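The values are calculated or read from the model by the stated rules, or taken from the named source; none is laboratory data. This one's a predicted model, so the numbers in the text were calculated from it and none came from an experiment. Please note: Cβ atoms are built from the backbone with ideal geometry, for glycine as well, and neighbour counts cover all protein chains shown. Ligands, DNA and RNA are stripped out before the accessible areas are found, and what is left, the full protein with its side chains, is counted by its heavy atoms. Shrake-Rupley method; radii C 1.70, N 1.55, O 1.52, S 1.80 Å.
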Amino acid sequence: MDPVLPYLACLVLALALYAAIRPSAITFRIGAIVATVAAAGWLLGIIAGYLSSLEGDAATPFFIIFSLAVIAAAVRMISHERPIYCALHFILVVIASAGLLLLLEAEFMAFALIIVYAGAILITYMFVLMLANQA
């Protein structure tokens, strides 16, 4: 498999998603949403082809679950309108990324990621959002 192909699929998906969430005419946004779905299907096809070539590894189902959780939560994080839910989706991204790091046997990085991002930065962000929305 050509190593440039997954990067190209990710770039097309990112550009289509950007076009879909920015304010514009409804016909352009519908076309961008269709392009986003097509690019996501293309990327999933590339990933499925790669995973079918792998042997029966015990970590493969967890890799698929964590990867899909990271991608779905990241897309929802940048597309949600309310900042509180964006922060909660970012916590899901951090936890799923920590799961991927655990699969790579990088336990220190996984726990440091959770402690620094989910434990410190996002909790502070949540307090700021809650205090700003008191009025």
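3J(HN,Hα) along the range 114-120, derived from phi through the Karplus expression 6.51 cos²θ - 1.76 cosθ + 1.60 where θ = phi - 60°, amounts to 5, 5, 6, 7, 6, x, 10 Hz, with x in place of Gly and Pro. With a simple spin-label model that places each label point 7 Å from the Cα along the Cα-to-Cβ direction, the separation between I123 and A14 comes to 3.2 nm. Within the chain, the whole DSSP H helices whose Cα atoms reach 18 Å or more along their own axis and whose mean Kyte-Doolittle score is at least -0.5 are 4-21, 26-53, 60-79, 83-103. Using a probe radius of 1.4 angstrom, the carbon and sulfur fraction of the accessible surface of the chain is 75%. Contact order, relative form, for the chain: 16 percent (alpha carbon pairs under 8 Å, 6 or more residues apart, mean separation divided by residue count).
For the range 4-74, the relative contact order works out to 29 percent when only alpha carbon pairs closer than 8 Å and six or more residues apart are counted. Which residue, chosen from I121, I95, A20, occupies the Cα position most advanced towards the positive end of the dipole of the chain, where the dipole is computed from +1 (Lys, Arg) and -1 (Asp, Glu) charges on Cβ about the Cα centre? The Cα lying farthest towards the positive end belongs to A20. Think of a 1.4 Å ball rolled over the protein heavy atoms: the chain then has 68 Å² of accessible area per residue.
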